[in-house]
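Undergrad: There's a structure below that I have some questions on.
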Amino acid sequence: MTTRIESASQLPLRSRLAPSPTGAQHVGNARSYLIAWLSARSQGAEVRLRIEDIDSPRIKPGSTELILEDLCWLGLDFTGEPIIQTQRLQLYEAALQRLRELELVYPCTCTRGDIEQAASAPHIEHEGPRYPGTCSHRRAADAESLQDRPFAWRFRVNDSPTFNDGFLGRVTIDIRELGGDFVVWKSAGTPAYQLAVVVDDAEMGMTEVIRGDDLVPSTPKQLLLYRALNLVPPGFAHVPLVIGMDGRRLAKRHGDTRLASLRKAGVQPEALIGLLAWSCDWIAETRPISAQELIPLFRFDSIPRTPFVLTSEMLKKIGYSGEIGP
């Protein structure tokens, strides 16, 4: 049994993998990619690959090539050539111009420090504290009078759309309290994540977006942008992350769980896929299996609602001696 994620689009079914080349991909990334890939393939949908490389200060040389090696090793194929965000700046600029014409964005000269000091009750989540609206009195045309002062473009948040998540069900988050007006264009002159992914997913004809549940707060913001730009949103599903024994998202502090390190240690991709499949309750025990073989076994409703706690013992069972710390 597979689950069709609710989408308003009448386009052919299409999903995507969207890694960022800011570092090596690890076991947690692999689990999210596998779920997204299987959901698409179980519905006969096309899968595209997008490299989200607009966060230039954090991009690591060689990471894109490593991503391609990782996906090939895992057996997660995709259609066509990878879409590269830094080659699409004109699309993002056109979207920003449209938001300016609609007076839905304004130039903001606040620094991160200004926001933290002005916020009466900081909400340190994914987007930092709530923006206090210091610059919200400005109109789009006021950017011309700022001369050499650096500024970002903020989107005016007057609503917080509720949405049906393909995994979590009905989700309601008040982004007016959780961050408030958000940045769509950075002072460095490049698009922020929220605007870029909306433009990309709409232009690429995405009907389904599956990602980690750490991005749930981004979805209402993106829905506001879809509405403002008169674009049709895809269906969304947010799945639990892979975490360490300390309950925190898998990261360097937990040890080396990079896919490249597993490959170097001689771990077979089917062994890792089997571990991840077991973590999603698609198979009863950890055993080697390919991504292709999992397609008829894929079920959204079998994935546990809690994060998957990765341990050193689990990795040892698949032939990797790396230690997972607290």
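Laboratory data are not the source of any read-out in this text; all were calculated from the coordinates shown. Small disclaimer: the values here were computed from a predicted structure and weren't measured. Note: ideal-geometry Cβ built from the backbone for every residue, glycine included; neighbour counts use all protein chains shown.
Undergrad: Which one, (1) 54, 47, 42; (2) 63, 43, 35; (3) 65, 45, 40, gives Cα extents along the principal axes in Å as derived from the coordinates shown?
TA: Only one listed value fits the structure, namely (2).
Undergrad: For ARG98 and LYS317, calculate 0.36 nm times their separation in residues minus their Cα-Cα distance, and state this gained length in nm to one decimal. Walk me through the numbers on the way to the answer.
TA: Numbers: separation 219, 0.36 × 219 = 78.84 nm, distance 5.35 nm.
My answer for the length gained is 73.5 nm.
Undergrad: Within straight cross-link reach of LYS317, meaning Cα distance under 22 Å, which lysines are found once same-chain residues fewer than 8 apart are removed?
TA: Counting by Cα, and skipping residues close in sequence, LYS317 has these lysines nearby: LYS252, LYS264.
Undergrad: Which order do the peptides 269-280, 288-299, 188-199 come out in when sorted by mean C-beta neighbours inside 10 angstrom, highest first? Intermediate results must be reported in sequence, preceding the final value.
TA: Values: 269-280: 22.9, 288-299: 16.8, 188-199: 21.0.
Result, highest mean first: 269-280, 188-199, 288-299.
Undergrad: Follow-up. Excluding same-chain residues fewer than 8 positions from LYS221, which aspartates and glutamates have a Cα within less than 12 Å of its Cα?
TA: GLU127, ASP159, ASP174, ASP181
Undergrad: Output the direction-averaged projected area (hull surface divided by four) of the convex hull of the alpha-carbon atoms of the stretch 89-197, in nm².
TA: Numbers: hull surface 31.1 nm².
Value for the stretch 89-197: 7.8 nm².
Undergrad: Next question, about the same structure. 5 Å is the cut-off here: which amide hydrogens, built 1.01 Å from N in the peptide plane, fall below it relative to VAL309, excluding neighbours closer than 5 in sequence?
TA: ILE243
Undergrad: Here's something else I'd like to know. Where in the stretch 38-63 does the label zone of ARG299 land, with the point 7 angstrom along Cα→C-beta and an amide N cut-off under 20 Å?
TA: Zone members listed by number: 38-44.
Undergrad: Then there's this: Please give every one of the aspartates and glutamates within straight-line cross-link reach of LYS60, meaning a C-alpha to C-alpha distance under 20 Å, and leave out same-chain neighbours fewer than 8 residues apart.
TA: Output for LYS60: GLU52, GLU69, ASP70, ASP256.
Undergrad: Per DSSP H run of at least 4 residues, take -39500 (n - 2.57); add these up for the chain, divide by its residues and hand me the 222 nm value, nearest 500 deg cm²/dmol.
TA: Working: 10 runs with 97 residues, N = 326.
It comes out at -8500 deg cm²/dmol, rounded to the nearest 500.
Undergrad: While we're here: Taking the Cα of ASP148, stepping 7 Å toward and past its beta carbon, and measuring to each backbone N in the stretch 155-190: which are under 17 Å?
TA: Residues passing the 17 Å test: 188.
Undergrad: Relative to the present Cα-Cα distance, how much length would full extension add between GLU203 and LEU11 at 0.36 nm per residue of separation?
TA: Values: separation 192, 0.36 × 192 = 69.12 nm, distance 1.16 nm.
Result: 68.0 nm gained on full extension.
Undergrad: Mind listing the lone cysteines of the chain, meaning no other Cys beta-carbon sits under 4.7 Å from theirs?
TA: CYS72, CYS110, CYS280
Undergrad: Something else: What is the Cα centroid distance between the stretch 14-56 and the stretch 154-227, reported in whole angstrom?
TA: Comparing the Cα centres of the stretch 14-56 and the stretch 154-227, I get a distance of 18 Å.
Undergrad: Provide the FRET efficiency to the nearest 0.05 for the SER160-GLU65 pair, computing r from the beta carbons and using R0 = 35 Å.
TA: Working: r = 40 Å, r/R0 = 1.13.
Computed FRET efficiency for SER160 and GLU65 comes out at 0.30.
Undergrad: Using the beta-carbon distance between SER290 and ARG170 and R0 = 41 Å, what value does 1/(1 + (r/R0)^6) give for FRET efficiency, to the nearest 0.05?
TA: Working: r = 35 Å, r/R0 = 0.86.
The formula returns an efficiency of 0.70 here.
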